[in-house]
Each structure stands twice: as structure tokens, then as C-alpha cells.
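Presented below is the structure to which this report refers.
The values are calculated or read from the model by the stated rules, or taken from the named source; none is laboratory data. As the structure is a computational prediction, the values presented were derived from the model and not from experiment. FYI the Cβ positions are ideal-geometry reconstructions off the backbone, even for glycines, and counts take in every protein chain you see.
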Amino acid sequence: MFSIQKKINFYDCDPAGILFFARVYELCHACYEALIESFNLEEDYWSNDSYIVPIIHSEAKYRNPFTYGQTANIELKVANLKTSSFELQYECKNEKGEICTEVKTVHVLIDKNSWKKKPMNEGIKKGLMKYISA
């Protein structure tokens, strides 16, 4: 499992002081970015001439609210790893360890020239394999 912590800021919340529902995706994406950075890839994953990695599916389950000032612990695991795609699952927990949100995203590698699926390179595959769930 890979994890990061993020503080819930006032600007992240709705008028009731609860994390705005869409902001959970920002928390998860910050964890995803930190994960990719930990791979120490030779190429720039986010900006290169060979491939892009769009999200083709996402979903979230909201169980408990995050409120202003709390620290969110975002835990990520790789739920599925295929030749050209992978699924990430996140559990976003509060300081008490309670799950506030569960998020799933599915990503696919696309060749920038042909706009068709592309097998992921060994660096990405190796990095994702470290966090695959049993």
C-alpha cells in the first residue's frame, strides 16, 4: 500500500464546512502523482512524446464526512494490472482511521500518435507491481 497525508483546507469545503464531494478526487490524484514520482521513471510520465494515461472510469463512495482542519490519510493500492491498463483503489481515512471515502479509478496507456492502447513500459509496470493487492 502507498499512502500520503493531506490537510483539509477551508477552501476545500462547502458552506457547511464539509469537504466538497469533488475534492476527494484531488486528494486521490495527489496520491497518484506521488506514487508515480516514487517510480523514478526515465521519461516524464505526465508530459512525453510517446503516451498519455487518461482515466477511463472513476467512482466514489462517501461514508463519513471530512471537515475543515482534519488530516486525510489517502491509501492507494493497485487492484488490477493489465498490459495497457490498471485500476487504482483508494481509501481516504480521517485521523481516527475511519474510512471517509473509497475511490476507484481505471487508467489506460494510449499511444499519442495512433490514439490506440499501448503496452506500458517496464518502469511503470514494475512500479505498479509493488502495490498490487492480493
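When Phe21 is tested against (1) free of Cβ contacts under 8 Å to residues at least 60 places away in the same chain; (2) buried (at least 16 other Cβ atoms within 10 Å of the Cβ); (3) not in a helix (DSSP H, G or I), exactly one condition is not met: (2).
Out of Leu41, Leu35, report the one residue that is assigned to a loop (DSSP other than H, G, I, E, B) and either in contact with a Gly (Cβ under 9 Å, 6 or more places away or on another chain) or among the aromatic types (Phe, Trp, Tyr) (or both).
On the way: Leu35 fails: assigned to a loop (DSSP other than H, G, I, E, B).
Leu41 is the lone residue from the list that is assigned to a loop (DSSP other than H, G, I, E, B) and either in contact with a Gly (Cβ under 9 Å, 6 or more places away or on another chain) or among the aromatic types (Phe, Trp, Tyr) (or both).
In segment 78-96, of all residues being among the charged types (D, E, K, R) and either within 18 Å of Ala60 (Cα to Cα) or under 11 Å from the mean Cα position of the chain (by Cα) (or both), the one that is surrounded by the fewest Cβ atoms within 10 Å (Cβ to Cβ) corresponds to Glu87. You will find that of Thr105, Thr101, the residue that is assigned to a strand (DSSP E or B), closer than 24 Å to Lys7 by Cβ, touching a Leu at 6+ places or on another chain (Cβ under 7 Å) and modelled with pLDDT of 95 or more is Thr105 and no other.
For segment 97-134, the set of residues classified as surrounded by 14 or more Cβ atoms within 10 Å (Cβ to Cβ), touching a residue at least 60 places away in the same chain (Cβ under 8 Å) and among the basic types (Lys, Arg) consists of Lys118 only. Taking segment 52-74 as the range and being in contact (Cβ under 8 Å) with a residue 60 or more places away in the chain, out of contact with any Phe, Trp or Tyr (no Cβ under 7 Å at 6 or more places or on another chain) and in a strand (DSSP E or B) as the test, the residues that pass are Ile52, Thr71, Asn73.
Checked against (1) farther than 23 Å from Ile124 by Cβ; (2) surrounded by 18 or more Cβ atoms within 10 Å (Cβ to Cβ); (3) in contact with a Gly (Cβ under 9 Å, 6 or more places away or on another chain), Ala72 meets all criteria but (3).
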